[in-house]
1. Restricting to segment 25-51, what's the tally of residues that are open to solvent by less than 30 Å² (accessible area, probe 1.4 Å), over 17 Å from His88 (Cβ atoms) and not hydroxyl-bearing (Ser, Thr, Tyr)?
2. Just one of (1) surrounded by fewer than 18 Cβ atoms within 10 Å (Cβ to Cβ); (2) closer than 28 Å to Glu212 by Cβ trips up Ala94, so point out which.
3. Got a sec? Which of Arg141, Arg205, Arg189, Arg158 is closer than 30 Å to Glu27 by Cα and at pLDDT below 95?
4. Considering only segment 108-119, I want to know if a residue exists there that is at pLDDT 95 or above, out of contact with any Asp or Glu (no Cβ under 7 Å at 6 or more places or on another chain), open to solvent by 10 Å² or more (accessible area, probe 1.4 Å) and not hydrophobic (A, V, I, L, M, F, W, C).
5. Give the residues of segment 52-76 that are acidic (Asp, Glu) and open to solvent by less than 60 Å² (accessible area, probe 1.4 Å), sorted by residue number.
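The values are calculated or read from the model by the stated rules, or taken from the named source; none is laboratory data. Here the structure is a predicted model, which is why all the values come from computation and not from measurement. Using ideal geometry, Cβ is built from the backbone for each residue, glycine included, and neighbour counts are taken over all protein chains shown. Quick note on the areas: whole protein, heavy atoms, side chains included, nothing else; ligands and nucleic acids left out. Shrake-Rupley method; radii C 1.70, N 1.55, O 1.52, S 1.80 Å.
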Amino acid sequence: MIPLRLIPYSEHEPSLNMALDWVLFRETIENGLPFLRFYGFYPPGVTIGRFQKGIPNGLEGYPCARRPTGGRAVLHDGDLVFSLSGWHNSGLFAGSVSETYRATAEILAEAAARLGLAVEVEEGRSQAYDRSGLCFRATSRYEIKLMGKKVIGIAQAREKGAFLEQGSIYLPVDKNAYMAEIKRGFSERGFLLEEKGITQQEFERAKLAQKEFEIT
């Protein structure tokens with residue numbers, strides 16, 4: 001069995017959520033333990049990709065933070081968000097960026113199907129770039145659609161053999177039921193999920209880093 005730290009659902013403001021993911025990713029790199037975290041945004045807010053130049057039109061009124069991963073802008077307002085770390089040099093998520101995306105997408109799509117949703121994993125090339133700068137306006141390879149509309153977007157970063165993925169999920173299902181099915185998918189693939197909340201030390205470290213992710 002492969003240990004996987006499971007961090008229960010919580011809600012925070014955008015910059016603190018991004019700082020928490022960054023702190024947890026550093027711990028994966030330093031200590032070797034992958035994690036799966038579920039969370040939401042309160043109040044609703046926007047995240048933009050690591051290399052994105054600015055906040056897209058129409059989203060300027062929301063609190064905004066820069067993700068440690070790539071991709072384009074996402075409005076987080078009622079979505080289920082996850083972050084996942086692991087190793088891309090061995091195991092289930094081994095291979096290229098696309099291959100890691102594919103392994104994640106299989107778990108997410110399988111979980112949705114178990115709840116009765118006929119989702120599709122985008123197998124073709126990424127769609128032509130959408131000038132709006134919004135994540136959900138175009139579907140990249142191995143992202144997930146429902147009735148032709150993108151409902152799950154994922155972004156990734158890599159460092160020292162480890163990867164961090166951050167994903168936004170807009171599915172018409174109960175969040176708790178969907179989280180349970182995702183956890184089931186990991187368990188069936190040989191992961192031992194060990195629930196452990198964010199520690200006080202991690203939280204304090206994230207608070208110190210929070211300013212680095214804020215966009216004002």
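1. Residues in segment 25-51 being open to solvent by less than 30 Å² (accessible area, probe 1.4 Å), over 17 Å from His88 (Cβ atoms) and not hydroxyl-bearing (Ser, Thr, Tyr): 8 in total.
2. Checking Ala94 against (1) surrounded by fewer than 18 Cβ atoms within 10 Å (Cβ to Cβ); (2) closer than 28 Å to Glu212 by Cβ, the one that fails is (2).
3. Numbers: Arg205 fails: at pLDDT below 95; Arg189 fails: at pLDDT below 95; Arg158 fails: at pLDDT below 95.
Residue meeting the stated conditions: Arg141.
4. We begin by selecting, within segment 108-119, every residue at pLDDT 95 or above; these are 108-119.
Keeping just the survivors that are out of contact with any Asp or Glu (no Cβ under 7 Å at 6 or more places or on another chain) gives 108-110, 112-113, 116-119.
Now drop any that are not open to solvent by 10 Å² or more (accessible area, probe 1.4 Å), which leaves 109-110, 113, 116-119.
If we keep only those that are not hydrophobic (A, V, I, L, M, F, W, C) too, we end up with 110, 116.
Checked segment 108-119: at least one residue is at pLDDT 95 or above, out of contact with any Asp or Glu (no Cβ under 7 Å at 6 or more places or on another chain), open to solvent by 10 Å² or more (accessible area, probe 1.4 Å) and not hydrophobic (A, V, I, L, M, F, W, C).
5. Across segment 52-76, there are no qualifying residues.
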